Amino acid sequence: MDDSKMVGGKVKKPGKRGRKPAKIDLKAKLERSRQSARECRARKKLRYQYLEELVSSKERAICALREELEMYKQWCSAMDQGKIPSEIKALLTGDDHKTTQSTSKTTKNPKSQASTNGNSKSA
């Protein structure tokens with residue numbers, strides 16, 4: 001026999017391994033690649049939008065919690081001075097109407113605080 005080998009009853013020729021690649025039109029291949037890149041960029045854009053919304057909602061929650069913490073600190077300092085804040089009196093007496101009115105006056109705009117904290121978006 002010439003350069004071919006017998007392996008498992010089959011004749012193998014050297015240098016020709018695997019399947020021959022299918023002859024694919026180069027333009028069609030480039031177009032598929034471009035389409036795939038467009039879809040990838042669209043997915044990336046959606047992912048970043050989702051993450052930015054998530055960060056924004058978390059920042060709003062943090063601002064609300066900071067405001068609540070500040071309110072509790074003010075209540076504690078008032079009680080340390082022997083004064084009972086009207087909000088606590090309302091809670092103790094069960095008068096929820098006064099509580100909602102007085103706490104809505106003490107809350108600040110979370111959007112204005114977020115912009116002053118130096119939150120800038122970077123790509």
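The values are calculated or read from the model by the stated rules, or taken from the named source; none is laboratory data. These numbers come from a predicted model, not from an experiment. A quick note on method: Cβ atoms are made from the backbone with ideal geometry, for glycine too, and the neighbour counts reach across all protein chains shown. We work out accessible area using only protein heavy atoms, side chains counted, and drop any ligands, DNA or RNA first. Shrake-Rupley method; radii C 1.70, N 1.55, O 1.52, S 1.80 Å.
Just reorder ASP95, ASP80, ASP25 by solvent-accessible area, largest first, 1.4 Å probe, all chains present.
Working: ASP95 55, ASP80 135, ASP25 95 Å².
Solvent-accessible surface, decreasing: ASP80, ASP25, ASP95.
What distance in nm lies between label points placed 7 Å from Cα along the C-beta direction at SER36 and GLU59?
Rounded to a tenth, the inter-label distance reads 3.6 nm.
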